[in-house]
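Below: one structure, written as structure tokens.
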Amino acid sequence: MPQAQKRKRALSHDPCVDEQNPSTRPRASPKSHEQVAEHPDDPVAHWVATTFWPKAFGKEGFRMNQGNSTKRKGVSMHNSDRMERLAKNGIYMRASALMQRTSKDLCSSFLEGDRTPSQYPCYPPEQIPNILEHIQDLSEGRLQRDITPWVVPSAENLFFSGEITLDYIGEEIQADWTGCATMGDTRPKPAYTAGLSRTAFTKEEIGKLENYTSFERPFLFTPNLCFPFLICEAKIRYEGVYKADRQNIHSASIAVGAIIELYKAAFGTTYPDRMNELNGQVLAFSVSHNNTLVNLYGHYAVLSDDSTRKPSFYRYDIEMFGLTIRDGADRYKAYNFVYNVYEKFAPEHRKRIKDAVASLPALAERTGLMFAASDLALEDTTSQQNSQVAGSQDDGGFRAPSEPASVTKIRQMEEEKKQVQAKIRQMEEEKKESKKREEKLEEQVMAKIRQMEEEKKETKEREEKLEERVTKLIELLSAASHQASPADRAT
């Protein structure tokens, strides 16, 4: 096929080209076309040749030409099985038309910014191209150590360096999500996860969440991380990016589902508008990357009108770019995106969850010896004081001055002291009653033991009497046999 026809055929498959305006067509050298022909499944070669990514790249089912056909067939079947299991759990690696427009705009806004990492792991910035090339055939551990920190910056490091002020963002590295159920794939263990730490909530909120949580509706995904909102997977080679995408959508769907379940428990059918707020709303983000490519996604759920049906989970392709293309012009795009997620999304994420926690049922009142300091709250006293203050503000004319805050505080402390003393007396009474019950139980046990010993003694006496009777009977039978007549013996 002539080179011009090849060029025309390639352009006809580009949705970004305006056929009416030839100036919009990308220019490429014959060498680039040869690269595309030689590597039809190589997205980087395709991008270099045409300045756009392959149409199927990043979509479900795309495969790289990186091995023999038998190996590709086995990998394809394996991935197909995994995708089928995810689909059975309502997880789809594509977008939905029901995604909210506000979420799309929000995702686009997070791409803005021109920040650059203030610190590098262990090498100067000018060595980045060499590091990226050197690491392509090394382990994932090397990739995550040398590349990930400036693709997905650490939230805690940004806080300690003073770049962000949110101290309630927690993070985990290679931590198993032991606090949640899976959804058709193996247990998540992301390369990096950012979420909320326990310090993001008050003691009362923690108590409510601990009372609410279960394996199917998790609160703590790891012992130290609550409600993740950013997940990163870093894999080597091109096929590794697809694996990272699949792992990310599974992990992110679990995280999104946790918020859906929280809102369902908090608002349910009583406030359907609150549930509808989450419909098609991006609630988590993910980053997949290797040493050359980065994929950014937003994850959301689509709710059913039938409250008994589980939601479906989708992802939105936010951006796909290279770390080396155009001399690394997009190298820090992911860094800016993640920074904006921390600074702009995390506060809303926390507020969304705290709003739901506020509507969760209050903890059941403790009885007996189990009570907390919060049980001593002066609700009645406070309500009386509030009513008195409100009454004085509503009356016209002269208003008596309110008492100093110190006097009010002293009175409250006295009331608290009385309540503590009353609680102590109650505990002492319960202790006495408990001791009496123990003594009574001990008496009953001893009486039962004595009864059993008496019964044992009586049984032994009966056995001895029976044995004596049997012995006498044997003796009588023996004597009778000796006294028999000679005629009888002869017979």
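The values are calculated or read from the model by the stated rules, or taken from the named source; none is laboratory data. Here the structure is a predicted model, which means the values were calculated and not measured. Cβ: placed from backbone, ideal geometry, glycine included. Neighbour counts: every protein chain shown.
The listed residues are R331, R309, and the only one of them that is crowded, with 20+ Cβ neighbours inside 10 Å and out of contact with any strand residue (DSSP E or B) (no Cβ under 8 Å at 6 or more places or on another chain) turns out to be R331. Per the conditions (1) of a type in the set (V, I, T); (2) free of Cβ contacts under 8 Å to residues at least 24 places away in the same chain; (3) under 24 Å from C107 (Cα atoms), the sole criterion not satisfied by I206 is (3). Within the range 282-307, no residue that is free of Cβ contacts under 8 Å to residues at least 24 places away in the same chain sits with its Cβ atom under 6 Å from a residue that is part of a strand (DSSP E or B) and surrounded by fewer than 24 Cβ atoms within 10 Å (Cβ to Cβ) at 6+ positions apart or across chains.
How many of the residues in the range 129-153 are of a type in the set (G, A, S) and modelled with pLDDT of 90 or more? I'd like the intermediate steps shown before the answer.
In the first step, residues of the range 129-153 are kept if they are of a type in the set (G, A, S); the result is 139, 141.
Next cut, modelled with pLDDT of 90 or more only: 141.
So the count comes out to 1.
Flag: M99 matches the condition of being part of a loop (DSSP other than H, G, I, E, B), surrounded by 12 or more Cβ atoms within 10 Å (Cβ to Cβ) and in contact with a Gly (Cβ under 7 Å, 6 or more places away or on another chain).
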